[in-house]
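**Student:** Please read through the structure below; I'll follow up with questions.
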């Protein structure tokens, strides 16, 4: 019986040292994992900041393009309105020249 007790005691001590060594390996891996997670978190923050800056820059560009488009549209509309107002006068001048020419042709 004492031999069985000694064998079980040696097995228990061996198992204790084996588990302690295994725990050191697990703790070392865990610290590496925590460090990797920290680095990943910093990388994600950097990507998030870049994306936010991209969104802000894109919104500014869109706003500027909308302003430019509105300006060009107003400028074009003013030109169209001006041409619509002047069109009857231009037609009247052209028709007047044609009528004047017709009277010269009919006299000959």
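**Student:** For region 1-43, what are the residues that are outside any helix (DSSP H, G or I) and at pLDDT 85 or above?
**Tutor:** Passing the criteria: none in range.
**Student:** Take residue 104 and decide whether it is modelled with pLDDT under 85, at negative phi, surrounded by fewer than 10 Cβ atoms within 10 Å (Cβ to Cβ) and over 27 Å from the mean Cα position of the chain (by Cα).
**Tutor:** Here the answer is yes, as residue 104 does meet what is asked.
The values are calculated or read from the model by the stated rules, or taken from the named source; none is laboratory data. These numbers were taken from a predicted model, which means no experiment stands behind them. Reconstructed Cβ throughout: ideal geometry from the backbone, glycine too, with neighbour counts over all protein chains shown.
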